[in-house]
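The values are calculated or read from the model by the stated rules, or taken from the named source; none is laboratory data. Being a predicted model, the structure only gives us computed values, none of them experimental. Here the Cβ positions follow ideal geometry from the backbone for every residue, glycine too, while neighbour counts run over all protein chains shown.
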Amino acid sequence: MNSIVGIDLGTTNSLIGVMDSGFPILIADANGARLTPSVVHFPMDDAPLVGQAAGHMRTLRPAQTIYSIKRFIGLRGDELREDDADVSYAIERESGQPARVVANDHRYSPEEVSARILQKLKTDAELALGRSVSRAVITVPAYFNDAQRSATKRAGELAGFTVERIVNEPTAAALAYGLDKLHSRSKVAVYDLGGGTFDISVLELNHGIFEVLATNGNTRLGGDDIDSAIIAHLGAKGFPTDKPEAAARLREAVIEAKHRLSSVDSTAIEIPFLDGATNFSCVLSRDELERLSRPIVDKTRAHCLRSLADARLAPDDLDEVILVGGVTRMPLVRKIVGEIFGREPNTSQNPDEAVAIGATIQAGILSGAVRDVVLLDVTPLSLGIETFGGLMNVIIPRNSTIPIKAGEMFTTAVNNQRSMSMKVLQGEREIARDNWPLGQFEIDFEAAPKGVARVGVQFEIDANGILHVLARDTKTGREKTMEINSAVDVSDEAVEAMISESLDHAFDDMSERVWTEAKLKAEEMLGAVDAAFERVGDSVDPVEKEMILVAVAKLREALATNDSKRLQAANAILDDATQGLAAAVVEKAMQAAKITGSA
Ligand code: AMP
């Protein structure tokens, strides 16, 4: 039997599971552990260590031990933030190039490091199941962009898997929550705060159909930020945090203390010989931890409110708010979630395991082991192309259910145009230049008068959230396709900023769009009037001609202002004044056609 495994490739820990007799089961390694730390240690001249064994090396060989690699997957060097340097290993961040980590003078892509983790999960599963495992479903944060999803898929392939599906983590968590509620109807929010990422999704569960209504989040917000805030606070108290070994030991002790503070009010952090000579010792209270964590956890509030607004729901419309991700064990997080949604959150799911359980269920759906469940996901940002005048033409609006296919027909703006440049964009802004370019290609066609050539453009987002673009010249059938899955193109922080920017600039953007559209219309009409006068000018009544010329002059004046209303009014006047002229042009064309037809 070649069943499919479900994998949660986490920032901090990873898990693998398989459906067994209709139940999702998480697989333990040879030591009985289901959580595999997402850590890889590269020794000088030996095989890499992965998981728990590598985790032990974090304090001994911090520069050769790679953790939190998920933060860098699918990103370019210039997309990394200043504080990404606060890991204990070196990162190569060349502008325009994929980010790489360095250990023992060797450079590794985040995909290669992630593949090591996936390989270990694969080997553990094969050992436990006694058969080979080659097909997988892997989860990613809902807010991962195309490049990050593709890089995750590549990591799976490098590890020897056929990646059957990339699934959003909060959707997976909802599957885990909803598997025993297949015959009911409810709306739930999944609040997932992990080591490095925050995701919020609003879903409707309706008799086995899981529909994602909205999703939002921040790919760089999580427990790691809380750890850094505590370390900075302790550093500020005068303890050394600049030596790599000392910093790694301090981080480890801080994380353990943070975990303890989820159940006790105060805890001691003791590290013997932290700087080689002196012992480090301090007491951290839950109050102190909460004061440091609050600004970080508070950042999730705006994302939650936006996802509710996108789903057109009020907090009261939700039946449950499900907590997932290790950080949601913190009492402060539960309190803040309670404030945001006005209800006690649901803590029924094991925060470490829900995503992996959901990935396993999704694997079961794909292999046929789980029936009666359908999963409908959504796009986090709009996708479109640049059109005349530099405007964004949305083809797939954000929050559309995927997989999805949508298309539109475009034509040429200039006579005898022989090619059209397709600039594929992602984002929420009205003006093309404010959105993120995902790719560009040219489609050629035969020369024709403007408006005659027809190019059909089709966007398809497949079940993995990867975009396929197709452009076809309808006359010759010539087509070009493009799969946007390899370029590390979209700035991730910018994706998160995109939605709030689009709201901030909504008014200005809309007036620029209105102006540009009115300007394009004015230019088209002026060209058409000149052409019409040339063809039928002699037969136009002088009074009518005078009216048209006055309207033309007014339109030219309006074009020189920046006043959209005036331009729209002048367009309307010229449109009105040229009704007769347009009819005369059509009549002449018909007469010409008749003469040619009867000749
Ligand atoms: P995840 O990415 O979901 O595995 O979550 C890992 C994050 O949760 C890390 O930042 C952990 O330090 C944090 N975490 C795990 N358990 C606890 C706990 N009991 N209290 C606070 N944070 C925790």
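For region 339-347, the condition of being crowded, with 21+ Cβ neighbours inside 10 Å and either within 16 Å of the ligand (Cβ to nearest atom) or in a loop (DSSP other than H, G, I, E, B) (or both) holds for none of the residues.
If you check GLY55, GLY22, GLY32, which single one turns out to be of a type in the set (Gly, Ala, Ser) and touching a strand residue (DSSP E or B) at 6+ places or on another chain (Cβ under 7 Å)? Among GLY55, GLY22, GLY32, only GLY55 is of a type in the set (Gly, Ala, Ser) and touching a strand residue (DSSP E or B) at 6+ places or on another chain (Cβ under 7 Å). Among the residues of region 241-259, those that are within 11 Å of the ligand (Cβ to nearest atom) and farther than 15 Å from SER293 by Cα comprise ARG251, GLU252, GLU256. In region 76-90, the residues that are under 20 Å from ASN104 (Cα atoms) and in the same structural domain as ALA151 (by TED's automatic domain parsing) reach residues that are surrounded by fewer than 17 Cβ atoms within 10 Å (Cβ to Cβ) and of a type in the set (A, V, I, L, M) with C-beta atoms within less than 9 angstrom, at least six apart or across chains, in these pairs: SER88/ALA63; TYR89/ALA63; TYR89/VAL102; ALA90/ALA63; ALA90/VAL102.
Inside region 1-27, can you point out the residues that are away from the ligand (no atom under 16 Å from the Cβ) and in a strand (DSSP E or B)?
Of the residues in region 1-27, the ones away from the ligand (no atom under 16 Å from the Cβ) are 1-5, 18-25, 27.
ILE4, VAL5, VAL18, MET19, ASP20, PHE23, PRO24, ILE25 - these are the residues of region 1-27 that are away from the ligand (no atom under 16 Å from the Cβ) and in a strand (DSSP E or B).
Residues of region 122-140 that are surrounded by fewer than 24 Cβ atoms within 10 Å (Cβ to Cβ) and touching a Phe, Trp or Tyr at 6+ places or on another chain (Cβ under 9 Å): LYS122, VAL133, SER134, ARG135.
The single condition from (1) more than 14 Å from the ligand (Cβ to nearest atom); (2) surrounded by fewer than 21 Cβ atoms within 10 Å (Cβ to Cβ) that ARG329 fails is (1).
For every residue, the table says whether it meets (1) farther than 30 Å from LEU284 by Cβ; (2) polar (S, T, N, Q); (3) over 21 Å from the mean Cα position of the chain (by Cα).
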residue: VAL133; (1), (2), (3): yes, no, yes
residue: LEU179; (1), (2), (3): yes, no, yes
residue: GLY194; (1), (2), (3): no, no, no
residue: ARG220; (1), (2), (3): no, no, no
residue: ASP224; (1), (2), (3): no, no, no
residue: ILE231; (1), (2), (3): no, no, yes
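Restricting attention to region 201-237, the residues being over 23 Å from LEU289 (Cβ atoms) and within 16 Å of the ligand (Cβ to nearest atom) number 3.
Yes/no per residue for (1) surrounded by 13 or more Cβ atoms within 10 Å (Cβ to Cβ); (2) within 30 Å of ASP508 (Cβ to Cβ); (3) among the acidic types (Asp, Glu):
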residue	(1), (2), (3)
MET547	yes, no, no
ALA569	yes, yes, no
GLN579	no, no, no
ALA582	yes, no, no
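Scanning region 178-193 for residues that are out of contact with any Gly (no Cβ under 9 Å at 6 or more places or on another chain), crowded, with 24+ Cβ neighbours inside 10 Å and within 24 Å of PRO48 (Cα to Cα) turns up nothing. Within region 271-327, the set of residues being of a type in the set (Asp, Glu) and either part of a strand (DSSP E or B) or in contact with a Cys (Cβ under 6 Å, 6 or more places away or on another chain) (or both) comprises GLU320 only.
The numbered conditions (1) away from the ligand (no atom under 15 Å from the Cβ); (2) surrounded by fewer than 13 Cβ atoms within 10 Å (Cβ to Cβ); (3) in a loop (DSSP other than H, G, I, E, B) are all true for VAL264 except (1).
Take region 178-200 and flag every residue that is closer than 30 Å to LEU75 by Cα and away from the ligand (no atom under 16 Å from the Cβ).
ALA189
Screening region 139-247 for helices (runs of 4 or more DSSP H) wholly inside it with 1 or more residues that are touching a strand residue (DSSP E or B) at 6+ places or on another chain (Cβ under 7 Å) and closer than 28 Å to LYS122 by Cα returns the ranges 146-158, 169-178. Here ALA33 passes the criteria (1) touching a Ser or Thr at 6+ places or on another chain (Cβ under 9 Å); (2) within 16 Å of the ligand (Cβ to nearest atom) except the one numbered (1).
Would you check if VAL50 is away from the ligand (no atom under 14 Å from the Cβ) and under 31 Å from the mean Cα position of the chain (by Cα)?
yes
On the basis of being loosely packed, with under 14 Cβ neighbours inside 10 Å and within 12 Å of the ligand (Cβ to nearest atom), does GLU290 make the cut? For GLU290, the condition - loosely packed, with under 14 Cβ neighbours inside 10 Å and within 12 Å of the ligand (Cβ to nearest atom) - is not met.
Can GLY358 be described as on the phi > 0 side of the Ramachandran plot and either within 16 Å of the ligand (Cβ to nearest atom) or surrounded by 18 or more Cβ atoms within 10 Å (Cβ to Cβ) (or both)? Explain how you work it out, then say what you get.
Numbers: on the phi > 0 side of the Ramachandran plot: no; either within 16 Å of the ligand (Cβ to nearest atom) or surrounded by 18 or more Cβ atoms within 10 Å (Cβ to Cβ) (or both): yes.
Answer is no for this residue.
What number of residues within region 28-57 satisfy the criterion of being crowded, with 22+ Cβ neighbours inside 10 Å and in a loop (DSSP other than H, G, I, E, B)?
Total meeting the criteria: 4.
Select from region 168-177 the residues that are in contact with an Asp or Glu (Cβ under 8 Å, 6 or more places away or on another chain) and more than 15 Å from the ligand (Cβ to nearest atom) and write down the one among them that is nearest to ASP84 (Cα to Cα). That would be THR171. I'd like the full set of residues that are assigned to a strand (DSSP E or B) and modelled with pLDDT of 85 or more, limited to region 364-386. Answer for region 364-386, where residues must be assigned to a strand (DSSP E or B) and modelled with pLDDT of 85 or more: LEU383, GLY384, ILE385, GLU386.
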